[in-house]
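Working notes, structure below.
The values are calculated or read from the model by the stated rules, or taken from the named source; none is laboratory data. Since the model is a prediction, treat every value here as computed from it, not as a measurement. As a convention, Cβ positions derive from the backbone with ideal geometry for all residues, glycine included, and neighbour counts pool all protein chains shown. These area figures cover heavy atoms from the full protein model, side chains too; ligands, DNA and RNA do not enter into them. Shrake-Rupley method; radii C 1.70, N 1.55, O 1.52, S 1.80 Å.
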Amino acid sequence: FDFILVVVSVFDTILSSMRASTFVAFRVIRVLRLFRVIKLVKFANYVQEVRKIFLLLAASSKTLMWSLLSVTFVMYIFAVFLTDSSSSYLFAIDNKDWDDFDRQLHLDFGDIGKSLYSLYTAITAGRNWS
């Protein structure tokens with residue numbers, strides 16, 4: 001389609017330089033030039049749709065941030081609970097009586113940072129609990 005538009009444009013330029021554009025057949029070629037305008041209008045509609053998408057993404061970013069903050073807050077509450085529970089359990093046992101489960105519990109939930117990381121990996125399917 002673009003090739004045809006270029007050929008028509010070149011042909012029209014040659015004819016207008018020869019002053020032969022009064023023939024009816026050459027007027028048809030000028031009508032074909034209108035297809036370029038139609039193509040431009042279609043492109044403008046496409047750009048407007050893309051613009052709408054970016055505006056909607058920008059408008060939804062505030063909601064996304066509040067959602068992420070809510071998820072982080074819930075994760076923090078669970079991290080505090082799990083850290084407190086695991087610390088109480090491990091404190092009740094003597095350190096030299098720990099088995100592999102107790103060592104892994106201390107590695108995963110020994111402090112708030114480790115608990116948050118363990119919860120994050122569990123949520124994002126980065127950790128297999130089996």
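Rolling a 1.4 Å probe over the protein heavy atoms gives region 53-130 an accessible area of 78 Å² per residue. Neighbours of Ala79 by Cβ distance under 13 Å: Lys/Arg scored +1, Asp/Glu scored -1, total -2. When the charge dipole of region 58-124 is built from unit charges on Cβ atoms (+1 for Lys and Arg, -1 for Asp and Glu) and taken about the Cα centre, the candidate among Ala59, Trp98, Phe73 whose Cα reaches farthest toward its positive end is Ala59. Legend: Rg and Dmax of region 47-109, from Cα coordinates, 21.8, 68 Å.
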